[in-house]
Amino acid sequence: MSKQRATRVLFVTPEIAPWAKSGGLGDVSAALPATLRAIGVDVRVLVPAYPSLAAAFKDVKAATDGFHPGGAFAPARLLAASVDAVPAFFVDCPDYYHRPGGAYQDAGGNDWQDNHLRFGLLSRVAALLGSRDSPLAWKPDVVHCHDWPCGLAPAYLDFLAGPRSATLMTIHNIAFQGVFPATTLPELGLPAESFAIDGVEYYGNLSFLKAGIHFAERISTVSPTYAREIQTDELGCGLGGLLRHRSARLTGILNGIDSAVWNPATDPLIAQCFEFARIERKTANKRALQVRFDLGPRKDVPLLGIVSRLTHQKGLDLLAAIVPRIATHPAQLVVLGTGEPELEAAFRALAARFPGRVAAVIGYDEALAHLIEAGADIFVMPSRFEPCGLNQMYSMRYGTPPVVRATGGLADTVVDCTPDTRRRQTATGFVFNELTADALLEAIGRALAAWNDKRLWRALQRNGMRRDFGWQTAARKYSLLYRSMINFP
Ligand code: ADP
Ligand code: GLC
């Protein structure tokens, strides 16, 4: 049997850490392609040429001349660079991407008015590279699209003639769908017949994510539990019916974590490195947090930590509601997050009300995120829904058992501490089901009690720290999925 050539994959994403990151998708887009390459997949990344990328990669070369992508799109060209040994193409279009602010919003937190064009262009270029008219010699077998900003790529490809790449649509968060008025259809250069229920139309509007789910050959999401949940009316955010219809094409592949960046034994962003054999060194990180936030450097008081977008999804309103009751225990709390103004205000008010017990840092701070993972005793993630979630995996790796709600990837990664799981040495945290403040409080109460039992706590830390959350398993599953989608000549 002759050896098959490497599968060629175009990995299309609106985020890539650390240059463009609003959440876990940025982390995934940095780590997964590198692991795929390491196992022999010829993967190349396609991402908008944000100013942060242009500044970081000064040696980029032009990969194409300028071209007109059709519709009302501004002209663009492709730049080529190597991002941590992964070849990447940047979609260069100064009109769309050269601005201060985030990938999706301006500095004031308002969505860019032309997001349909910004991400329509990303999708359009992805489709072009997957078509016979591609300006590049390298032709992908699979165009792998991530979240709504890439959702139109499978639609564009469907309407192109000639041989073309297969498409995989990965859903990282179904709550974000990229829905725009029907009037954007001609601007986006989509044919009139695409505006149908069997197309890009969604309740009279145009939906990027619905288009991706409808037109892609295969669909995946970032945990097996979330793959089931998004087929329900409750968690499908209006797309549950379509996903049920396409369920034979849908699969859940659990994310990994970048175990080089998130490694307590080598992490340059924490106060003191540690591993399980030297777990006592973890306390220097707790102390650093306590000193920094005037919490009183007490070893005998457990410290709860949170690093999160402060949004409805994350369920932190439940936590805010019970902080006064947690404060009746000897416990401290550090919250790092940014997001909805009401939640930011709620945590600021709790910090003011419980000085020396509660600290709230409203903002985005990568280094502090690492220190909280390392220095907290218990990590809290009471999400309403959580497609995968990375922070609970970081926390287990840092010997910080998490308290999580049994949803999505949280249910798939954290093993609740019960007599049975203790005996089997698999318990890694505390899991609760009901979406109520009381259920969260009960789980936190169990964690606080366990923390006081030193042997039990060490066992939980050991079980979590020795779990392998690396990207290898997921990369092998994606590689098999890609292969199942193509016919090699
Ligand atoms: P989501 O993508 O839904 O926000 P994940 O758990 O998958 O959730 O990923 C969140 C990522 O963003 C993690 O890497 C986490 O450390 C990071 N993060 C979230 N909020 C902050 C913040 N305020 N400061 C620093 N890092 C943050
Ligand atoms: C989304 C989800 C999060 C997931 C991340 C990466 O942002 O909210 O749960 O971990 O994507 O897949």
Practice task
Amide H neighbours of Phe432 under 5 Å, at least 5 residues apart or on other chains, H built in the peptide plane: list them.
Solution key: Val404, Arg405, Ala406
Fill in the blank from the handout: Under 5 Å from the placed amide H of Trp471, counting only residues 5+ away or on other chains, we find Ile257, Ser259
Problem - Given charges at beta-carbon only (K, R positive; D, E negative), |dipole| of the chain in Debye - result: 1820 debye
Problem - Residue-count net charge about Ala327 - beta-carbon cut-off 10 Å; Lys, Arg +1, Asp, Glu -1 - result: +3
Problem - Relative packing of 249-261, 210-222, 316-328, 95-107, which averages over residues the other C-beta atoms within 10 Å, highest first - result: 210-222, 249-261, 316-328, 95-107
Handout entry: Total formal charge among the other residues, if their Cβ is under 12 angstrom from that of Asp114, Lys/Arg +1 and Asp/Glu -1
Key = -2
Handout entry: About the Cα centre, charge dipole magnitude for the stretch 276-466 (Lys/Arg +1, Asp/Glu -1 at Cβ), debye
Key = 940 debye
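If you take the alpha carbon radius of gyration of the stretch 53-120 and divide it by 2.2 N^0.38 Å, what ratio comes out, to two decimals?
Against the empirical 2.2 N^0.38 Å value, I get 1.20 for the stretch 53-120.
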Exercise for the section: Work from the charge dipole of the stretch 344-419 (Cβ charges, +1 for Lys and Arg, -1 for Asp and Glu, about the Cα centre) and give the residue of Ala376, Met396, Phe347 farthest towards its positive end. Expected result: Phe347
Exercise for the section: Round to a whole angstrom and tell me the spacing of the C-alpha centers of the stretch 345-419 and the stretch 212-240. Expected result: 26 Å
Handout entry: Table column - 3J(HN,Hα) (Hz), the stretch 54-67, Karplus curve with 6.51, -1.76, 1.60, x for Gly and Pro
Key = 4, 6, 6, 10, 6, 8, 5, 10, 5, 9, 9, 6, x, 9
Problem - Listed residues Leu152, Phe195, Trp138: farthest to the positive end of the dipole of the stretch 124-256 (Cβ charges) - result: Trp138
Fill in the blank from the handout: If every Lys and Arg gets +1 and every Asp and Glu gets -1 at its Cβ, then about the Cα centre the stretch 304-409 yields a dipole, in debye to the nearest 20, of 280 debye
Practice task
Beyond 31 Å, what share of the Cα-Cα pairs of the chain is found? Please give it as a whole percent.
Solution key: 45 percent
Practice task
Return the sequence-ordered ³J(HN,Hα) values of the stretch 267-278 in whole Hz as given by the Karplus equation 6.51 cos²θ - 1.76 cosθ + 1.60 applied to θ = phi - 60°, using x for Gly and Pro.
Solution key: 5, x, 8, 10, 6, 8, 6, 7, 9, 4, 5, 10
Problem - Gain in span if fully extended, Thr426 to Ala56, counting 0.36 nm per residue against the direct Cα distance - result: 129.0 nm
Fill in the blank from the handout: In terms of the charge dipole of the chain, which places +1 on Lys and Arg and -1 on Asp and Glu at the beta carbon, the residue among Ile486, Tyr364, Pro268 farthest towards the positive end is Pro268
Practice task
Would you mind computing Rg(Cα) / (2.2 N^0.38 Å) for the stretch 110-163, counting N as its residues?
Solution key: 1.18
Completion exercise
Most exposed to least, judged by fewest other Cβ atoms within 10 Å, Thr418, Thr170, Thr311 sort to Thr418, Thr311, Thr170
Completion exercise
Expected sort for His172, His146 with the fewest Cβ neighbours (10 Å cutoff) up front is His172, His146
Problem - Set of the stretch 410-450 residues, backbone N closer than 16 Å to the point 7 Å along the Cα-Cβ line of Ile279 - result: 415, 417-418, 422-430, 447-450
Practice task
Please tell me the relative contact order of the stretch 276-466 in percent, rounded to the nearest whole number, where contacts are Cα pairs under 8 Å and at least six residues apart.
Solution key: 21 percent
Handout entry: Neighbourhood charge, 13 Å Cβ-Cβ cut-off, centred on Ala277 and excluding it, Lys, Arg +1 and Asp, Glu -1
Key = +4
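Only the coordinates and a few stated rules stand behind these numbers; no lab work does. Since we're looking at a predicted model, the values are computed, not measured. Neighbour counts are summed over all protein chains in view; Cβ atoms, including those assigned to glycine, are modelled from backbone coordinates with ideal geometry.
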